[in-house]
Amino acid sequence: MNEYRDIVGVGFGPANLALTVALDEVPGNGTDRPSALFFERQPEFGWHRNMLLPSAKMQVAFVKDLVTFRNPGSAYTFVSYLHHVGRLARFVNNQDFFPTRLEFHDYLEWVASHFTDRIRYGAEVRAIRPAPADGSPGSLEVAVRYRDRPGSQVVSADNVVISTGLVPRVPDGTVLGERVWHSSQFLGRFRARDWSGARRVAVVGAGQSAAELTAFCYDNTTNAEIISVVPSYGYSIADDTPFANEVFDGQAVDDYYFGTKESQDAYWRYHRNTNYSVVDDDLLRELYRRSYDDEFTGARRLNFQRLSRIDGVEETADGARISVRSLSTGQRNHFDVDFVVFGTGYHPMDPGPLLAEVDQYLLRDENGRYRVDRHHRLLTRDGFGGGIYLQGGTEQTHGLSASLLSNMAVRSGEIVGSILGRAKDGWPWTDSRAADGSEPAAAVS
Ligand code: FDA
Ligand code: NAP
């Protein structure tokens, strides 16, 4: 008989790590807690490792960790971590809400290290399917393939929580290769070779990834010219001012979910610049300062191709040739570079391939998207028993924070509450107007 768990988690990034902690903190003795098993395809815990650039800062305040907004008394807060490693006083003296990504990664690893008994690394989930009606426990089956062994394993479950993360995006026709990278591959590729003799490198995009990579390439090559292909006139600032920041609060999820189409559109029109195609204030100013200083000394290394988009790339014997189209003149410039890195962002999480075998049971809205209740559970046809939950890929129903850390602590509590049928109980499960799993009228076709 297959192994059985109440909950199987697909992916073990911050979202399912937050869920692990929420499950561990279900009140009562351990026997009241649902059993859970998580599968992660990486060989060990890792959070966007290829973008752990030494000076990169978090884009969320440290208190928006995995747990604090759900349970500030948890043993797994960022403050508990600081206390454990003996840096709490100095962290406070430093007076900075935003740790480096390296430090936050260390925090995430520290939390994950407490739950190794329920995580299988090097294990990729390939499919989720209905369980056969042969009396086996569980309504769902999860097929898993391990890196280090042939064949696949099937685990039965009543609930599956999918948190497989963002999907790298490059312009149509781009073929990634030895010298043509997406930002999600960056450090692994960069560190595989000595680039001290690089003459020219290119970074594409005007979001946080591209700006961080432009600064990194400047600092970590000696004489290379850095071509930065920027689609706007110049980098734009990420709005993290107080009123705008409220779009990431728990309340905003309700306001978005239960809002009208018009109010949902307003979130995107007015607040997309809290997250997408924007750059942190400090970094943006730092890049400008370098560019200015270089002009003064005459050693100009930052070459911003403004109002330009890349529209072709070809790998060559010793680098790549990029085609950059100016939006002002329509003209194309070609540059030969040692490497090019695309900071062109991500598609949202796409659970579609994993759900192909249950697709016929899933309800969709008039735009063909899965219907998701307020507590992140997919709505299914009558008679389908399993609970399938999404952490990510729900920006169209749950708003801007769906792919971010900001609301993870609360969201994982909502999912646990829903699985236990206790969504209305309040702490540790945040209450909401749709505790019975109802949807806003606008979403129901
Ligand atoms: P995440 O992508 O972290 O984890 C998903 C996991 O699932 C991965 O480990 C993957 O290997 C695994 N997986 C995928 N498919 C699988 C399968 N079939 N079987 C098994 N495992 C599978 N947000 C924010 O709020 N503040 C911030 O500071 C940042 N910083 C930041 C930096 C960078 C460089 C990026 C690209 C993004 C951010 N973000 C962010 C946004 C980011 O989405 C967020 O921080 C989390 O990574 C989301 O966590 P998840 O667990 O949902 O996905
Ligand atoms: P992003 O914000 O989506 O930015 C992508 C950029 O690429 C945009 O400027 C986009 O321009 C541009 N682009 C797309 N196609 C292009 C083309 N053909 N030519 C030129 N430019 C092109 O992606 P991101 O910077 O990777 O950020 C994604 C998420 O990760 C965000 O949530 C961000 O906050 C997060 N992140 C966080 C950190 C950190 O915490 N330190 C670091 C990196 C990323 P258009 O808008 O015109 O399409």
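The values are calculated or read from the model by the stated rules, or taken from the named source; none is laboratory data. The structure displayed is predicted, hence computed values, not measured ones. Note that we place each Cβ from the backbone using ideal geometry, even for glycine, and neighbour counts take in every protein chain shown. Side chains are part of the model used for accessible areas, which takes the heavy atoms of the whole protein and leaves out ligands, DNA and RNA. Shrake-Rupley method; radii C 1.70, N 1.55, O 1.52, S 1.80 Å.
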Starting from region 180-192, take each residue that is more than 15 Å from Gly319 (Cα to Cα) and list its partners that are hydroxyl-bearing (Ser, Thr, Tyr) and surrounded by 20 or more Cβ atoms within 10 Å (Cβ to Cβ), counting only C-beta distances under 7 angstrom and pairs at least six apart or across chains.
Ser183/Ser209
Test Leu66 against the criterion of being open to solvent by less than 20 Å² (accessible area, probe 1.4 Å) and in contact with a strand residue (DSSP E or B) (Cβ under 9 Å, 6 or more places away or on another chain), and give yes or no.
no
Please tell me if Ser308 is farther than 28 Å from Ala409 by Cβ, buried (at least 20 other Cβ atoms within 10 Å of the Cβ) and among the small types (Gly, Ala, Ser).
yes
Here the residues within region 22-40 that are within 13 Å of ligand 1 (Cβ to nearest atom) and either modelled with pLDDT under 95 or open to solvent by less than 10 Å² (accessible area, probe 1.4 Å) (or both) are Leu37, Phe38, Phe39
Arg371 fails exactly one of the following numbered conditions: (1) in contact (Cβ under 8 Å) with a residue 24 or more places away in the chain; (2) over 21 Å from Asn407 (Cα atoms); (3) open to solvent by 20 Å² or more (accessible area, probe 1.4 Å). What is the number of that condition?
(2)
Find the residue count for region 242-269, including only residues that are over 22 Å from the mean Cα position of the chain (by Cα) and under 30 Å from Leu287 (Cβ atoms).
2
Every residue in region 91-117 that is open to solvent by 60 Å² or more (accessible area, probe 1.4 Å) and either in contact with a Lys or Arg (Cβ under 9 Å, 6 or more places away or on another chain) or polar (S, T, N, Q) (or both), please.
Asn93, Asn94, Gln95, Phe98, Ser113, Thr116
Every residue in region 80-90 that is surrounded by fewer than 19 Cβ atoms within 10 Å (Cβ to Cβ) and in contact (Cβ under 8 Å) with a residue 12 or more places away in the chain, please.
His84, Val85
Of the conditions (1) outside any helix (DSSP H, G or I); (2) on the phi < 0 side of the Ramachandran plot, the single one that His105 does not satisfy is (1)
At least 1 residues that are among the β-branched types (Val, Ile, Thr) and over 30 Å from Gln391 (Cα atoms) in each: list the strands (runs of 3 or more DSSP E) lying fully within region 129-239 that qualify.
180-182, 200-204, 225-229
So, Gly188, is that one modelled with pLDDT under 95 and of a type outside the set (Asp, Glu) or not?
no
Quick one: would you say Pro43 is open to solvent by 60 Å² or more (accessible area, probe 1.4 Å) and in contact with a Phe, Trp or Tyr (Cβ under 6 Å, 6 or more places away or on another chain)?
yes
How many residues are away from ligand 2 (no atom under 16 Å from the Cβ) and either surrounded by 24 or more Cβ atoms within 10 Å (Cβ to Cβ) or modelled with pLDDT of 95 or more (or both) when one looks only at region 196-222?
6
Residue check: is Ala133 open to solvent by 40 Å² or more (accessible area, probe 1.4 Å), of a type in the set (A, V, I, L, M, F, W, C) and either free of Cβ contacts under 8 Å to residues at least 24 places away in the same chain or assigned by TED's automatic domain parsing to the domain that holds His375 (or both)?
yes
If I filter region 136-157 down to residues being farther than 18 Å from Val358 by Cα and of a type outside the set (Gly, Ala, Ser), which single residue comes out as least open to solvent (accessible area, probe 1.4 Å)?
Tyr146
Within region 60-77, does at least one residue satisfy the condition of being in a helix (DSSP H, G or I) and more than 26 Å from Ala210 (Cα to Cα)?
no
